[in-house]
Amino acid sequence: MRKLKNIYYLGIKEIWSLWRDPTMLVLILFVFTLNIYTSAKALPETLHKAPIAFVDEDHSQLSGRIIDGFYPPYFMPPRLIELQDMDKVLDAGEYTFVVNIPPDFEKDAMAGRKPTVQVSVDATRVSQAFTGNGYISQIISSQVSEYLAGYRSNEPLPVELVLRARFNPGLEQFWFGSVMELIDAVTMISIILAGAALIREKEHGTVEHLLVMPVTAGEIMISKIWSTGLIVTLATSLSLVGVIETWLQVPIEGSKLLFVLCVALQLFATTAMGIFMATIARSMPQFGLLMILVLLPLQMLSGGMTPRESMPELIQIIMLAAPNTHFVMASQAILYRGAGIDVVWPQLVALLLIASAFFVIALTRFRRTISLLA
Amino acid sequence: MNSVICASDLVVTYGQTQALDNISLDIPSGQMVGLIGPDGVGKSTLLSLIAGARAVSHGQLMVLQGDMRDKKHREKICSDIAYMPQGLGKNLYPTLSVEENLQFFAQLFGHNKAERRRRIDELTQATGLYRFLSRPAGKLSGGMKQKLGLCCALIHDPKLLILDEPTTGVDPLARSQFWQLIGRIRQQQPQMSVLVATAYMDEAQQFDYLIAMNAGQILATTTPDEMLVQTGTESLEAAFIHLLPQNLRANYKPVVVPPFNPQNEQDIAIAADGLTMKFGDFTAVDNVSFSIRRGEIFGFLGSNGCGKSTTMKMLTGLLPATAGRAWLFGNELDPDDVDTRKRVGYMSQAFSLYSELTVIQNLVLHARLFGVAEHAIAGRVDEMAQRFALTDVLHALPADLPLGIRQRLSLAVAMVHKPELLILDEPTSGVDPVARDNFWQLMVDLARNDHVTIFISTHFMNEASRCDRISLMHEGKVLISAEPEEIKQQKQTDSLEEAFIGFLQDATCHQDETVSEQNPVLTNSETQRSPGVSRFFSGRRMLSFAKRESLELLRDPIRLTMAFLGSMLLMVFIGYGITMDVEDLSFAVFDRDQSILSQNYSLNMSGSRYFIEHPQVHSYDELDQRMRSGELSLVIEIPPGFGRDLSKGLQVDVAAWIDGSMPSRAETIKGYVQGIHGSWLAQQVRQMNSGVSLAGAVNIDTRYRYNPDVVSLIAMVPAMMPMLMLMIPALLTALSVVREKELGSIVNLYVTPVKRLEFLLGKQLPYIFTSFISFFILVAMAILLFKVPVVGSFFTLSLTALVFILFATGFGLLASVFTKSQIAAILLSTIGTMIPAVQFAGMITPVSALEGAGKLIGEIHPVSYFLLVSRGVFSKGLGFEDLSFAIVPILISVPVVMYCAVLFLPKQER
């Protein structure tokens, strides 16, 4: 009872501290609103304004028609270049694709001699290279067959492939981007809030003050966790409803309450992590470097940026120990696919286990180093 | 007699507070002038103005016959002024040795090597530091630090020596030695003017001339003797109080300490036996024993770093003792014993209230944490507010209150739970004499009326004499523990200070740190004045800053390791982890036909290397459920009658359900499915009727250039390079300037002849070097670990990397110059580098495909161009000729960012 009271009072103190720190408040506000909006909107569609150039050695009606088939938003308006410039523009990275239409192309095509169109792709731009090439093949094929249809009959394809994207029928990038940005924000802010706040207390000498009071290390730590957790959970919920659902108009399939539960578990883990890092770093500069070292892999490898299943096995296994991985999995399932607790319970259990482990480790370390903090 | 300093109508305001309020004064040259007054009355502000460290905004200030607002004049007299800022070794570099510190300052003022050696040897011999040349400045005692600071100040023969509280926190022996030293220097160089600020009134007695200051105003300017005569007092302290405005000393009355009559000699509140504290091989507290009776005021006296605070921390349970035992109220000290803690109140040296909580919030929080019953809290808080006169400021934030009131609040907080023992660690340092005496009155009342035991540490002798008993501490040992009178008797002296010096001399007589009187301080003063200080860019000054910064970096191995190891780790993790190849996608077939043809179709699908087949789906519900859980990314639904209809030549639709929750992955799946479907069709058509070609009228021949297998690693590794080479170097330099701002050594930029560009470039150099090494490590990792060969011109890559590092470190400096705190600098440089590098530089999406502001950033930021060069050299086999178009923008960015950094770095404090 006495413990609970202490934890409550200390937590309230943390909330007051944040409330009176305008820089931090502005930062949090920015991260949970504008940052999410701009990041989501800045992401182009998968294939967007891909720069393309043509080497037209045929100058026929057909070649003109093919070139006309490329237009925004998928492609930049195509530019015509000379054959000898082809290497140069690719080397300079001006264009991702250069299509070469050979001489006598139309004549050969009409005669059924199957001429060859050469597509050169700058494969260092992997993401554009893959999808762009598919689009290019399709556009060329359809332009040619349409053109030729006027001259000779063409049998229809007997089997049609109907593609249906579920959960995000238009494959809108910002649906995905906004929620992933929110997830990154949750991780970043909670680690900074919990960790940097502890370092700052250390620098201002207030930890020392706390330690001579009749409160225990565990009470201090739990109070930091619950107050940070509450603030970030609140910010996340508001951002989900206000920014993502209302402002960005992203439809949310699943139960928001279940998502908030996930956020709470994730925060339990990340705040413990932040405190742990603050006990390792001796000064703010060291904490800054350490934070980047931890934050970057957490954000880039949790499955929020590129699909998890494509990562090397070893990384996949290592990342299972990171709370973000499970958090991303559960959030995607809940928010996009409308999954319920019957589906995401393994992730919730994993989060709880990881969080408890982090908490115990951080508490042990906090207790051990607390006298050095003063 | 001409004047060395002449000021009129000087005004300095910080936000709401007026630090200097219309100051006008005239200081004659060749004199030792003392600036007296408590902390925070504007002494330091005035001195920093005179030293040229702070810009004159209002009023006139002439120093050494020139206007301090004139930049040319400041540059001219820079080397004639020596300034030692407040704080022990504030302008010294703690990780550097005595020798290195002196070398650094000597280099700045342009002495050659032989001259530097001679001066350093002479100065250190004269001050007794010669034996400690190789010791890091941070490990010197307070007195020695101040001597080193003095050496650093004297190394360039100044005409005006400015010392800001040089002896605060220094033990009395070191203090008297310090003044002897100054005295001898003045004998040899009588033309030198010395301006000293001090809070110790007793020191001021020996100065030629005094300026008494309070609240930004000058109370009096006169000689010490005259001041005593004018005020009709016996001591300068009393004289100062007499000089204060009426309203300030209205409720002042001298502290009277009633004699201590212990009710019971055996009633011991606190006892220590053989307490020892070791940090590594350094003994902070050595075998300290004492016992304090209930209701006693027990003083702990000693210089900074002598072990007072450490002893107190051990008694509060903050630090576990290495050896020895302690008892509180007869119970052996147990850090986990929460109940004993409730009987103790502690007030630490560093001000430790919650500055974000109001006065009343602070009081209530502490009352609650100490377990005061909820119904009693309001009354208790009220009582404390009354007693400590806080009623008017209950809703103010501590930061807005003057120091004296904050100290009272601290005491109120420490008292809110009515402890029986108060442990106070230097509670009165920095408080003006009137507030200090008021504070003592409160404590005396607590001790005598409420029988609270008070254990207090101080370095003010007059406070010590009010204690019932005191212990003199020096270098971790208690020299003597007795009543003040008894201590004076033992040494047969009139003052406690002299007695203390006597004990210190006994303790240190075998050490020869003491100054040999014969050694002249500066024999050479006439022989070789410092060479003219170059008004133009000086490579030597830049190098001396570079050398110093490198030494500091080398002595912070954690930062250095993180810089190297950090970029390596990130390269491995992200290089391996981030991949654009979408493979091993999970898919299942929902075959509602179950004919040979439909099975043939699904077989074709599962044969692809992109897909891994999962067990078949049997119903729409199952399809839904398994896709929701994320198990399946793709489901191929084959309609009933697929085989039959197809053989009849009827139109059939096959549905591909794709998980769209990750759009980029969905797009890739779409492409794969279409491809596989197409090839299946072609195959079928060939088998059914070999005549008609359905495969299209043209061939499309795709050539993946530079990366024929479209492997992500080849694309990602060159793309990682710019990101890492931007973020880590920027983060390293981002802390370098702001750290000096926080620690105070930035003052060396203000008062030495160093130019801003020399300062910045000097700081940048070591990090450029570090980052360039880091670059080669990363290239080696790319080649050896990731097997991504460099096919183009390695020279071009290295050259571009070097230029880019110049930009990245420059950007860090800019962030550092711009911000005030380290955390803000970290934040600014992280956001300022990570966002352009990851999102706008073309790492994943090419710049040309971006839109709006993102595109603009991508087009002007050098990181995009370094990315082009990196990919060009790594993957495309290009050389200098082909890439010079991308190197030029990076080259242009370097002077731009450096110019901005210089522009925003003030050469004076504002």
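Scan region B:75-90 for residues that are surrounded by fewer than 23 Cβ atoms within 10 Å (Cβ to Cβ) and in contact with a strand residue (DSSP E or B) (Cβ under 9 Å, 6 or more places away or on another chain) and report the count.
Final tally of qualifying residues: 5.
Let me spell it out: the conditions are (1) within 14 Å of chain A (Cβ to nearest Cβ); (2) free of Cβ contacts under 8 Å to residues at least 60 places away in the same chain; (3) crowded, with 22+ Cβ neighbours inside 10 Å, and B:Lys418 meets all of them except one. Which number is the exception?
(3)
So which of B:Leu570, B:Leu603, B:Leu623 ends up being within 30 Å of B:Pro718 (Cα to Cα) and part of a helix (DSSP H, G or I)? Can you show your working first?
Numbers: B:Leu603 fails: within 30 Å of B:Pro718 (Cα to Cα); B:Leu623 fails: within 30 Å of B:Pro718 (Cα to Cα).
Only one candidate qualifies: B:Leu570.
Looking only at region B:811-864, how many residues end up being polar (S, T, N, Q) and in contact with a His (Cβ under 7 Å, 6 or more places away or on another chain)? Explain how you work it out, then say what you get.
As a first pass, look at region B:811-864 and keep what is polar (S, T, N, Q): B:816, B:819, B:821-822, B:829-830, B:833, B:839, B:845, B:848, B:864.
Adding the requirement that they be in contact with a His (Cβ under 7 Å, 6 or more places away or on another chain) leaves none.
Of the residues in that region, 0 qualify.
Which fully enclosed helices (runs of 4 or more DSSP H) of region A:1-117 have 3 or more residues being assigned by TED's automatic domain parsing to the domain that holds A:Leu240 and of a type in the set (S, T, N, Q)?
Working: elements: A:2-19, A:22-32, A:34-42, A:61-68, A:86-91, A:105-110.
The helices (runs of 4 or more DSSP H) meeting that bar are A:34-42.
Please tell me if A:Ile275 is touching a helix residue (DSSP H, G or I) at 6+ places or on another chain (Cβ under 6 Å) and within 30 Å of A:Asn168 (Cα to Cα). Can you show your working first?
Numbers: touching a helix residue (DSSP H, G or I) at 6+ places or on another chain (Cβ under 6 Å): yes; within 30 Å of A:Asn168 (Cα to Cα): no.
Against the criterion (touching a helix residue (DSSP H, G or I) at 6+ places or on another chain (Cβ under 6 Å) and within 30 Å of A:Asn168 (Cα to Cα)), A:Ile275 does not qualify.
Using the structure shown, decide if A:Glu245 is buried (at least 20 other Cβ atoms within 10 Å of the Cβ) and more than 9 Å from chain B (Cβ to nearest Cβ).
Details: buried (at least 20 other Cβ atoms within 10 Å of the Cβ): no; more than 9 Å from chain B (Cβ to nearest Cβ): yes.
For A:Glu245, the condition - buried (at least 20 other Cβ atoms within 10 Å of the Cβ) and more than 9 Å from chain B (Cβ to nearest Cβ) - is not met.
Pick from B:Phe807, B:Phe866, B:Phe840: which is surrounded by 19 or more Cβ atoms within 10 Å (Cβ to Cβ) and in contact with a Lys or Arg (Cβ under 9 Å, 6 or more places away or on another chain)?
B:Phe840
Would you say B:Thr819 is closer than 30 Å to A:Met24 by Cβ, among the polar types (S, T, N, Q) and buried (at least 24 other Cβ atoms within 10 Å of the Cβ)?
Values: closer than 30 Å to A:Met24 by Cβ: yes; among the polar types (S, T, N, Q): yes; buried (at least 24 other Cβ atoms within 10 Å of the Cβ): no.
Judged against the criteria, B:Thr819 is not a match.
Return the pair list, or none, for Cβ contacts closer than 6 Å from residues in region B:612-629 that are within 15 Å of B:Gly660 (Cβ to Cβ) to residues that are in a helix (DSSP H, G or I) and at pLDDT below 90, at least 6 apart or on different chains.
Taking only residues 6 or more apart or on different chains, the pairs are B:Arg628/A:Val343.
Quick one: count up the residues across region B:572-596 that are at pLDDT below 85 and surrounded by 17 or more Cβ atoms within 10 Å (Cβ to Cβ).
Qualifying residue count for the region: 11.
Test A:Leu211 against the stated conditions and say whether it is in contact (Cβ under 8 Å) with a residue 24 or more places away in the chain and either buried (at least 22 other Cβ atoms within 10 Å of the Cβ) or more than 19 Å from the chain's Cα centre (by Cα) (or both).
Values: in contact (Cβ under 8 Å) with a residue 24 or more places away in the chain: yes; either buried (at least 22 other Cβ atoms within 10 Å of the Cβ) or more than 19 Å from the chain's Cα centre (by Cα) (or both): yes.
It is true that A:Leu211 is in contact (Cβ under 8 Å) with a residue 24 or more places away in the chain and either buried (at least 22 other Cβ atoms within 10 Å of the Cβ) or more than 19 Å from the chain's Cα centre (by Cα) (or both).
How many residues does region B:452-463 hold that are modelled with pLDDT under 85 and either under 23 Å from B:Gly274 (Cα atoms) or not aromatic (Phe, Trp, Tyr) (or both)? Before you say what the answer is, go through the steps one by one.
Taking region B:452-463 as the starting set, the residues that turn out to be modelled with pLDDT under 85 are B:458-463.
Imposing the further condition that a residue be either under 23 Å from B:Gly274 (Cα atoms) or not aromatic (Phe, Trp, Tyr) (or both) reduces the set to B:458-459, B:461-463.
Qualifying residue count, region B:452-463: 5.
Of the residues B:Leu585, B:Leu603, B:Leu569, which is of a type in the set (A, V, I, L, M), within 10 Å of chain A (Cβ to nearest Cβ) and within 16 Å of B:Ile636 (Cα to Cα)? Working first, answer last.
On the way: B:Leu603 fails: within 10 Å of chain A (Cβ to nearest Cβ); B:Leu569 fails: within 16 Å of B:Ile636 (Cα to Cα).
Within the list B:Leu585, B:Leu603, B:Leu569, the selection yields B:Leu585.
Where residues in region A:46-69 are over 24 Å from B:Glu667 (Cα atoms) and free of Cβ contacts under 8 Å to residues at least 40 places away in the same chain, which of them is nearest to the other protein chains (Cβ to nearest Cβ)? Lay out the reasoning, then the answer.
As a first pass, look at region A:46-69 and keep what is over 24 Å from B:Glu667 (Cα atoms): A:54-65.
Restricting the remaining residues to those that are free of Cβ contacts under 8 Å to residues at least 40 places away in the same chain gives A:59, A:64.
Values: A:His59: 17, A:Gly64: 15 Å.
Looking at residues that are over 24 Å from B:Glu667 (Cα atoms) and free of Cβ contacts under 8 Å to residues at least 40 places away in the same chain, I get A:Gly64.
Mind telling me which of the residues B:Ala367, B:Ala389 ends up being touching a residue at least 12 places away in the same chain (Cβ under 8 Å), farther than 21 Å from A:Ser17 by Cα and among the small types (Gly, Ala, Ser)? Lay out the reasoning, then the answer.
Numbers: B:Ala367 fails: farther than 21 Å from A:Ser17 by Cα.
Result of the check over B:Ala367, B:Ala389: B:Ala389.
Can you confirm whether B:Gly649 is assigned to a loop (DSSP other than H, G, I, E, B), buried (at least 19 other Cβ atoms within 10 Å of the Cβ) and either in contact (Cβ under 8 Å) with a residue 60 or more places away in the chain or within 9 Å of another protein chain (Cβ to nearest Cβ) (or both)?
Numbers: assigned to a loop (DSSP other than H, G, I, E, B): yes; buried (at least 19 other Cβ atoms within 10 Å of the Cβ): no; either in contact (Cβ under 8 Å) with a residue 60 or more places away in the chain or within 9 Å of another protein chain (Cβ to nearest Cβ) (or both): yes.
Considered against the rule, which asks whether it is assigned to a loop (DSSP other than H, G, I, E, B), buried (at least 19 other Cβ atoms within 10 Å of the Cβ) and either in contact (Cβ under 8 Å) with a residue 60 or more places away in the chain or within 9 Å of another protein chain (Cβ to nearest Cβ) (or both), B:Gly649 comes out as no.
Within region A:58-76, how many residues are loosely packed, with under 13 Cβ neighbours inside 10 Å, farther than 16 Å from A:Gln138 by Cβ and either charged (D, E, K, R) or at pLDDT below 85 (or both)?
Count: 1.
Any chance you could count how many residues in region A:123-145 are over 20 Å from B:Arg665 (Cα atoms) and facing another protein chain (nearest Cβ under 7 Å)?
Taking region A:123-145 first, the residues over 20 Å from B:Arg665 (Cα atoms) are A:139-145.
Within this subset, residues satisfying the condition of being facing another protein chain (nearest Cβ under 7 Å) are A:140-141, A:144-145.
Of the residues in region A:123-145, 4 are over 20 Å from B:Arg665 (Cα atoms) and facing another protein chain (nearest Cβ under 7 Å).
Please work out which one of (1) part of a loop (DSSP other than H, G, I, E, B); (2) modelled with pLDDT of 80 or more; (3) of a type in the set (Ser, Thr, Tyr) is the condition B:Tyr252 fails and give its number.
Every listed condition holds for B:Tyr252 apart from (2).
Pairs please, first residue from region B:264-285 and touching a residue at least 40 places away in the same chain (Cβ under 8 Å), second anywhere and of a type in the set (Phe, Trp, Tyr), Cβ atoms under 6 Å, 6+ apart in sequence or on different chains.
As it stands, the answer is B:Ala271/B:Trp327; B:Ala272/B:Phe290, since those pairs meet every condition given.
Taking B:Ile860 and the conditions (1) farther than 28 Å from B:Glu758 by Cβ; (2) among the aliphatic types (A, V, I, L, M); (3) crowded, with 23+ Cβ neighbours inside 10 Å, which numbered condition does it fall short on, given that it satisfies the others?
(3)
If B:Leu46 satisfies all but one of (1) part of a loop (DSSP other than H, G, I, E, B); (2) in contact (Cβ under 8 Å) with a residue 60 or more places away in the chain, what's the number of the condition it fails?
Failing condition for B:Leu46: (1).
What number of residues in region A:306-325 are surrounded by fewer than 19 Cβ atoms within 10 Å (Cβ to Cβ) and under 16 Å from the mean Cα position of the chain (by Cα)?
Step one: of region A:306-325, the residues surrounded by fewer than 19 Cβ atoms within 10 Å (Cβ to Cβ) are A:309, A:312-314, A:316-318, A:320-321.
With the extra rule that they be under 16 Å from the mean Cα position of the chain (by Cα), the set shrinks to A:309.
Looking only at that region, the number is 1.
The values are calculated or read from the model by the stated rules, or taken from the named source; none is laboratory data. Because the structure is predicted, anything quoted here is derived from the model rather than measured. Neighbour counts are summed over all protein chains in view; Cβ atoms, including those assigned to glycine, are modelled from backbone coordinates with ideal geometry.
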